[in-house]
Amino acid sequence: MHDSMVSLIETYNLIPPGSTILCAVSGGADSIYLLHRLYHLRPVFGFHLVAAHYNHQLRGGEAFCDAEFVQQFVSLCCTVQKLPQSDGSIQEYPAVSLVSGCGDVAKEAKLRKQGLEETAREMRYAFLYETARQVGADYIATAHHANDNMETILLHLIRGCGLRGLRGIPPKRGLLIRPLLTTRRQEIEQYLRYHGLPWREDPSNRDLTYTRNRIRYCVLPELESLNPNLMERISTMAQTVWEDEEYLTQTAKIQMGEIQQEPCGCSASAHLIGQMPPPLARRAVRILLGFATQGNDNCTSYHLEQLVALCHSPSPSASLSLPNGLLACREYDRLVIQHKQTVSLSEEIPLSMVGETIAGQWVITCEPTVYQGQTQGTFCFYLSQIKCPILMVRCRRQGDLLTLPNRPRKTVKKWMIDEKIPAHIRNALPVFITDGQLAAVTQLGPDAHFLPSKGELAWQIQCSIQTSHLQTQNSTYFL
């Protein structure tokens, strides 16, 4: 008999030998089937199994009954397993442990001002990822099956999608694996009844106010009456589309050139992306978006088109606000995607001459030293201790003048334009003042008058951006 689950695991190497799998179990038929199958497949693939259940607290007492049911099922049906070997010995597999969690989804949805389904999903996956980290799981197995995949593709069609949406649910993405993606719901229920295994039914699964349920109980039966093999046809289509999408994405990745890390995001060549055909250009900016967000490349077609338009923009400093607190900017020939910064340096702040000073999102470190010559760096410089006994820090102001070593005197604005400092960060860069005179500007360096002589006592000033999205970005400048 063909085992679609085993075939999928083997085809995509979903469960490498020696790995630990965290199985998400809601108590419904699909997840009970997945857990029971994985429990018995441990001798076949040689992996360790842990179960996890999350209580969303959305169905009153029923939700707590689900949690109790899962606990009882694991303790009764996933006990120590002893199997005889060909040499007459007994191989013992440990009982499956269960990790449970809960959260007030309704309360959190109000705080986040978003829907219950979206909030429940986010909280559930946050729990699963954290549990996987705690138990040392290599992958998280979820019970999405063939019917779910077909429903998802139809949902994407209804809402509007490109090739990416027609791929359906991937068998493997990051830590997530879906071993049941080619298994039909009918097979699942037949297996559970044959083995006399119980499961819990969620009444909301038949609530026709949900679009997915209307597709499941109203649309799909009509479509399958026209073609009884509809699920197989859609699955084949999804696989073909997946291969096409992967090829286009990899081609875009090659043609867009190197992605560079930036202080609060990343950048790529706007020129190279702008030269691509539209299908590749859209995929290139999505790749850049995913790089900036550590994998979250979800984006509407509108924003993708706007990102591509930025690459064609004649303005060297055009910008675009994106969802989730992101900002896309043209920095001359670079397209930059980064987290928005809220740096406030409108008032003059005294600089601690030994140790750290927090100025907005800037961390400024000042240390006494003996000047041995200017070093290379973007955010570090030296200033003469003799000429700069006390320093203040603020943002630039109209009329600020700066004389860089061996270069003419210009306004800070003119220097920033000449040095191609992006317009959106110019007002955020710390400017250093001593006794009412401008001593240095971050990313430009010290004024020639305040540059120390070799062997002279000096202040070493280092600036870094402290952000919650990435680790602190450090570079060193000497004024």
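The values are calculated or read from the model by the stated rules, or taken from the named source; none is laboratory data. None of these values were measured; they are calculated from a predicted model. Reconstructed Cβ throughout: ideal geometry from the backbone, glycine too, with neighbour counts over all protein chains shown.
What to note about this one:
- Exclusive hit being hydrophobic (A, V, I, L, M, F, W, C), within 17 Å of residue 195 (Cβ to Cβ) and either surrounded by fewer than 19 Cβ atoms within 10 Å (Cβ to Cβ) or more than 30 Å from the chain's Cα centre (by Cα) (or both), set 64, 69: 69
- Subset of the range 162-208 that is of a type in the set (Gly, Ala, Ser) and assigned to a loop (DSSP other than H, G, I, E, B) - its residue that is surrounded by the fewest Cβ atoms within 10 Å (Cβ to Cβ): 196
- Qualifying residue in the range 357-377 (condition: more than 31 Å from the chain's Cα centre (by Cα), of a type in the set (Phe, Trp, Tyr), part of a strand (DSSP E or B) and in the same structural domain as residue 445 (by TED's automatic domain parsing)): no
- If you go through the range 66-104 and keep only what is within 22 Å of residue 123 (Cβ to Cβ) and outside any strand (DSSP E or B), you end up with 66, 67, 68, 69, 70, 71, 74, 103, 104.
- Residue count for the range 243-270 under the criterion of being at pLDDT 90 or above, hydrophobic (A, V, I, L, M, F, W, C) and not in a loop (DSSP other than H, G, I, E, B): the result is 5.
- Whichever residue in the range 387-402 is exposed (fewer than 13 other Cβ atoms within 10 Å of the Cβ) and farther than 20 Å from residue 364 by Cα and, among such residues, is nearest to the chain's Cα centre (by Cα): 398
- Strands (runs of 3 or more DSSP E) within the range 407-452 that include 2 or more residues in contact with a strand residue (DSSP E or B) (Cβ under 6 Å, 6 or more places away or on another chain) and in contact (Cβ under 8 Å) with a residue 12 or more places away in the chain: 431-434, 437-441
- The combined condition, being touching a strand residue (DSSP E or B) at 6+ places or on another chain (Cβ under 9 Å) and of a type in the set (S, T, N, Q), is fulfilled by residue 142.
- Residue in the range 111-124 that is assigned to a loop (DSSP other than H, G, I, E, B), under 21 Å from residue 17 (Cα atoms) and without any contact (Cβ under 8 Å) to a residue 40 or more places away in the chain present: no
- Positions within the range 271-286 being more than 17 Å from the chain's Cα centre (by Cα) and assigned to a helix (DSSP H, G or I), in sequence order: 271, 272, 273, 274, 275, 278, 279, 280, 281, 282
- Residue within the range 293-306 that is in contact with a strand residue (DSSP E or B) (Cβ under 7 Å, 6 or more places away or on another chain) and modelled with pLDDT under 95 present: yes
- For the range 210-260, filtering for residues that are loosely packed, with under 14 Cβ neighbours inside 10 Å and touching a Cys at 6+ places or on another chain (Cβ under 9 Å) leaves 1.
- When residue 156 is tested against (1) within 27 Å of residue 131 (Cα to Cα); (2) under 26 Å from the mean Cα position of the chain (by Cα); (3) not in a loop (DSSP other than H, G, I, E, B), only condition (1) is not met.
- Counted residues, the range 229-263 - those being closer than 25 Å to residue 292 by Cα and not charged (D, E, K, R): 15
- Restricting attention to the range 1-54, the residues being among the aromatic types (Phe, Trp, Tyr) and part of a helix (DSSP H, G or I) number 4.
- Residue check for residue 262: free of Cβ contacts under 8 Å to residues at least 24 places away in the same chain and not β-branched (Val, Ile, Thr): no
- Set 37, 121: member being under 22 Å from residue 188 (Cβ atoms), under 30 Å from the mean Cα position of the chain (by Cα), basic (Lys, Arg) and surrounded by 13 or more Cβ atoms within 10 Å (Cβ to Cβ): 121
- Within the range 403-421, restricting attention to residues that are surrounded by fewer than 20 Cβ atoms within 10 Å (Cβ to Cβ) and touching an Asp or Glu at 6+ places or on another chain (Cβ under 7 Å), the residue that is nearest to residue 385 (Cα to Cα) is 403.
This table checks each residue for (1) loosely packed, with under 14 Cβ neighbours inside 10 Å; (2) out of contact with any strand residue (DSSP E or B) (no Cβ under 7 Å at 6 or more places or on another chain); (3) at pLDDT below 95; (4) of a type in the set (Gly, Ala, Ser).
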residue: 25; (1), (2), (3), (4): no, no, no, no
residue: 30; (1), (2), (3), (4): no, yes, no, no
residue: 54; (1), (2), (3), (4): no, no, no, no
residue: 89; (1), (2), (3), (4): yes, yes, yes, yes
residue: 110; (1), (2), (3), (4): yes, yes, yes, no
